Amino acid sequence: MFSFSSEDVVGTLKKSPNINSAIKNFLKRQAAQGGESSARFAKDLRDKILSKQDSSALLFVDKNVEKFAPHLLAIGAYAHAELVDSVAGKIVTKYADDFNATYSSNGEEVTITNQDKFNTIMTNAASEIDADLKTGGFEDSQFLRAIVLNAIFEQPVLKAGLDEGIL
């Protein structure tokens, strides 16, 4: 759904305060759902990120990004949990009630009932996310931006925002 570069993924994960802990959290909470390939991917990613050679990490992410993009987003969320929680929490507190009143969803599809307000709130939220990421030293990270957006919005709502050209 989102596009981000391998360089962005590797750079963001390398800035993690504790990538090993992030991988362990992912393995404990989410890898079981994806089976052995998910666990192997996470462990191999950890080894590549912790290695001194950025080129091997970049090649690994390039090779696997299409198949394991949701895993990368989850691992990135664990890797920068404090920042993601802070930014997402602020947006949710500020906009959730008003925003939720602008659409209805059956879990798979979104029907927007107030297009102007939906667009305005989503645009404002995206701008605030960008400002907060800039303050946190991640102004150019589309990867971390995608992680925060995923933390705030359900997938059908994100798709609606992308379809509207807001995100």
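The values are calculated or read from the model by the stated rules, or taken from the named source; none is laboratory data. If you're wondering where the values come from, they're calculated on a predicted model, not measured in any experiment. Note that each Cβ is placed from the backbone with ideal geometry, even for glycine, and that neighbours are counted across all protein chains shown.
Structure notes:
- Test for A101: is it among the hydrophobic types (A, V, I, L, M, F, W, C), modelled with pLDDT of 90 or more, under 30 Å from D163 (Cβ atoms) and under 15 Å from the mean Cα position of the chain (by Cα): no
- Restricting L45, L13 to residues that are surrounded by 19 or more Cβ atoms within 10 Å (Cβ to Cβ) and in contact with a Gly (Cβ under 7 Å, 6 or more places away or on another chain) narrows the list to L13.
- Within the stretch 114-138, considering residues that are outside any helix (DSSP H, G or I) and surrounded by fewer than 16 Cβ atoms within 10 Å (Cβ to Cβ), the one farthest from the chain's Cα centre (by Cα): N114
- Highlighted here are the helices (runs of 4 or more DSSP H) found entirely within the stretch 1-73 that include at least 1 residues which are farther than 19 Å from V84 by Cα, free of Cβ contacts under 8 Å to residues at least 60 places away in the same chain and among the hydrophobic types (A, V, I, L, M, F, W, C): 36-50.
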